[in-house]
Amino acid sequence: MILQGGCVKFCLMSKNKAVILFVITFLVTGNALIAQEESTVFVIANYKEKLKEIILCIGNVEIHNVERDIKLFADWAELNTETKDVHAKGSVVIHLPGEFLCAEEVHMNLDSSEGELKEALGRVQPSIVYEAKEIERNNESVYSLRKAKITSCTQPNPRWRLSASRANFKKNDYIEMWNTVLSIKKVPVFYFPYFRYPLREEKATGFLMPQLGYTGQKGFNYTQGFFWDIKRNMDATLTADYYSAKGIGGGVEYRYMFSRGISGQLNLYRFLFKSEPGEEAPPDAYLFRFNHTQTLPLNFSLVADVDYNSSFEFLREFDNDFKRAVVSNRRSQVYISKSWSYFNINARVSRFETYTRTTDTSIIRNSFPEISFRSSKIKLFSPLFFSFSSSFTSWEYGNDTQFEEGTQMRSQSASFQPQLTLPFTPIQWITLNSSVYSNLTYHFQSYAPGTREVADEPLFIPEYGLDVRLTGPVFYRIFHDAQGKPKLKHIIEPNFSFQYESPIEDSDRIIDYRRYFRYHQISYGLTNRVIVKTERMPREVFSLGLKQTLYLSPEDSPLSLYRIDGEIPETSDISGYLRFYPARKYSLDVSGAYNPHFKTFSHLRVGARYGSRNDNAFLWINWYKSINPYFEGVIYDRHQIGLYGGIKIPRLSLDAEAELDYNVQEKELVYSGLALVYHYQCIDIRAEVKVFYFRERPETQFNISIGLGNIGKSVGFFSGLGF
């Protein structure tokens, strides 16, 4: 059977041969072999015989239907000039608009282009080649195939093909197949009872390529996805997971977009554990994620955000994204907001839960509801501005045990914070902003005096404050290139701020899950910036900032929690940052804090990047270290480094990516992964190996997937984000 290239070549050879024979015969014998039987159909052949409406053609036969733009080439053909039915044999080639067909025998109507083909081979745009034992062409776009094979490879020997017992082919839409086997070269790889291959460039309904894997704890695993193109404004992906040692799971990811600003995504997943011999199966695990935005009447906006799972342990053991698996959170919130003129109103109900493995507890915070009404700065008269913020909150807070016992903290409060701001900018190199504000808070409950007993006694707390912020004087210097054009600008900006909040009485009676701090302090710092002039616009390539705070009332400050030789420290850590972006591919971000009392860094973070995932090579480095020098060996001390990089080798048709996370403090690996993608012309083979050291038992996972033409691979609900 001739493949795609052969089909085209055969068509051209047949046509050229017929034309050459026609010219030679005409010159030698002077007998024209062209018979114009109809205005839209004409025939060319070495020998032609007509009996009533039947024309018998032998040798280099060409039949043209000019009106339908159909051309048929064959060794032998019989044409009915009235019905336009043609029966052709012997190396039959048919040219249709945007399509080529080759067959050993054809029965076809040249007007409707319907018919049957035996031992047929076809090609449709852009590059789909198919062959079949028999093809029934029902109309211009729908075919039925028996014992079919298809591929999008253009090589004489395709790198892959799909074989099926039967198939339906809808031109420019899809090919659906039954009892399908995917073969790479001649090696069978996958079997599909039903398979649908999309032919459109845009999204199309069909099965995704499966993903196979193996882990020591979960056994063999198989992930299969199905994409459903419901409408132009909505689609869904259905996913099924099978773990031979653990059980089965399935879920749906539904996306939608409507008019009036309505859009969102819904994820549902459930996993059914299998029981071990002599043991009861663990309870089913499920996942619910929902994001929704909508514009309401009167220009209100509605946003819903839900991320709920039934088991943090399930996610830790099954989620293959390291950064997601080690963080245990649940959240549910719905809020409505509106902005107009100078004002904004927002109402929210929410629930947040954070689970800590070291203490085996969850901290929960509920707000039912939380309402705020704010204004931006409103000019009263030059240069005085007025703004305000008001809120009402009803909240609950506590750990999971307290919520079960009904002993969680709860309270309601309302507050109003007016503010007057006086900016001063007449001098270009100095910016001064001063503001006077008050915070008037009404608590509906309070602690009884001298106790921690909650009493239904309202408590009104007035508080007043002053905030002064000064930037400058600003110094700068401009550097020029050899032609005298400005090229670089160096800016130095000192900054200073003073904040005063009045002391309040009865602060120990306030019911709050957060500790009350009074801010009476002075902050000072220095910022350096380097700006480079480019053809488009100036670009900041370097910045360095330092800052420290002096607490004038340390006994009420955040440092009141700490002691040095029994004394509360008066100065904070010296915090700083450095950002360096010399070119598109390079970047360096450093931040840290230095504790002058213990002469050590309380935290350091370094992020360095070279390139992006679209480049031929990239490397991202993240290093983080934090300690609490006031308390030695607390559980929140961290020291960790992460590496993520990749390289593309076009000469070998190979892409590689690797990721590594290492806990320096514990001197142990947390996660490592390697992915290789081999581009074998029209097929992509992807292999992954991942090691999850942070799980209950370290787990090594192997995955393999294949990409074919227009078909994407199946991506499970718990696939890693890094790769």
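The values are calculated or read from the model by the stated rules, or taken from the named source; none is laboratory data. Source: prediction; values computed, not measured. Here the Cβ positions follow ideal geometry from the backbone for every residue, glycine too, while neighbour counts run over all protein chains shown.
Observations, loosely collected:
- Among the residues examined, residue 368 does not qualify as modelled with pLDDT of 95 or more and more than 18 Å from residue 307 (Cβ to Cβ).
- Within the range 434-455, considering residues that are hydroxyl-bearing (Ser, Thr, Tyr) and farther than 19 Å from residue 391 by Cα, the one farthest from the chain's Cα centre (by Cα): 451
The rows are residues; the columns are (1) closer than 30 Å to residue 412 by Cα; (2) small (Gly, Ala, Ser).
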{"residue": "465", "(1), (2)": "yes, yes"}
{"residue": "471", "(1), (2)": "no, no"}
{"residue": "484", "(1), (2)": "no, yes"}
{"residue": "501", "(1), (2)": "yes, no"}
{"residue": "516", "(1), (2)": "yes, no"}
{"residue": "533", "(1), (2)": "no, no"}
{"residue": "569", "(1), (2)": "no, no"}
{"residue": "580", "(1), (2)": "no, no"}
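- Any pair with Cβ under 7 angstrom, 6 or more apart, that starts in the range 351-366 at a residue that is outside any strand (DSSP E or B) and ends at one that is surrounded by fewer than 15 Cβ atoms within 10 Å (Cβ to Cβ): 358/635
- Residue check: residue 419 meets all listed conditions (1) surrounded by 16 or more Cβ atoms within 10 Å (Cβ to Cβ); (2) more than 38 Å from the chain's Cα centre (by Cα); (3) modelled with pLDDT under 95 but one, namely (3).
- Within the range 340-350, the set of residues being in a strand (DSSP E or B), without any contact (Cβ under 8 Å) to a residue 24 or more places away in the chain and not hydrophobic (A, V, I, L, M, F, W, C) comprises 348, 350.
- Among the residues of the range 290-325, those that are within 21 Å of the chain's Cα centre (by Cα) and part of a strand (DSSP E or B) comprise 290, 291, 292, 293, 303, 304, 305, 306, 307, 308, 309.
- Going through (1) polar (S, T, N, Q); (2) surrounded by 14 or more Cβ atoms within 10 Å (Cβ to Cβ); (3) at positive phi one by one, residue 299 falls short only on (2).
- Any strands (runs of 3 or more DSSP E) falling wholly within the range 559-668 and containing at least 2 residues that are in contact (Cβ under 8 Å) with a residue 60 or more places away in the chain and either charged (D, E, K, R) or surrounded by 17 or more Cβ atoms within 10 Å (Cβ to Cβ) (or both): 654-663
- Subset of the range 103-121 that is in contact (Cβ under 8 Å) with a residue 60 or more places away in the chain and part of a strand (DSSP E or B) - its residue that is surrounded by the fewest Cβ atoms within 10 Å (Cβ to Cβ): 119
- Residue match in the range 516-523 (condition: out of contact with any Phe, Trp or Tyr (no Cβ under 6 Å at 6 or more places or on another chain), of a type in the set (Phe, Trp, Tyr) and farther than 22 Å from residue 471 by Cα): yes
- When we screen 535, 555 for residues that are of a type in the set (Asp, Glu), assigned to a loop (DSSP other than H, G, I, E, B) and free of Cβ contacts under 8 Å to residues at least 60 places away in the same chain, the only hit is 535.
- Residue in the range 133-156 that is modelled with the highest pLDDT, counting only those that are over 36 Å from the mean Cα position of the chain (by Cα) and assigned to a loop (DSSP other than H, G, I, E, B): 138
- Residues in the range 367-382 that are touching a residue at least 12 places away in the same chain (Cβ under 8 Å), among the small types (Gly, Ala, Ser) and not in a strand (DSSP E or B): 376 only.
- Scanning the range 386-408 for residues that are in contact (Cβ under 8 Å) with a residue 24 or more places away in the chain and over 18 Å from residue 439 (Cβ atoms) yields 394, 396, 397, 398, 399, 400, 401, 403, 408.
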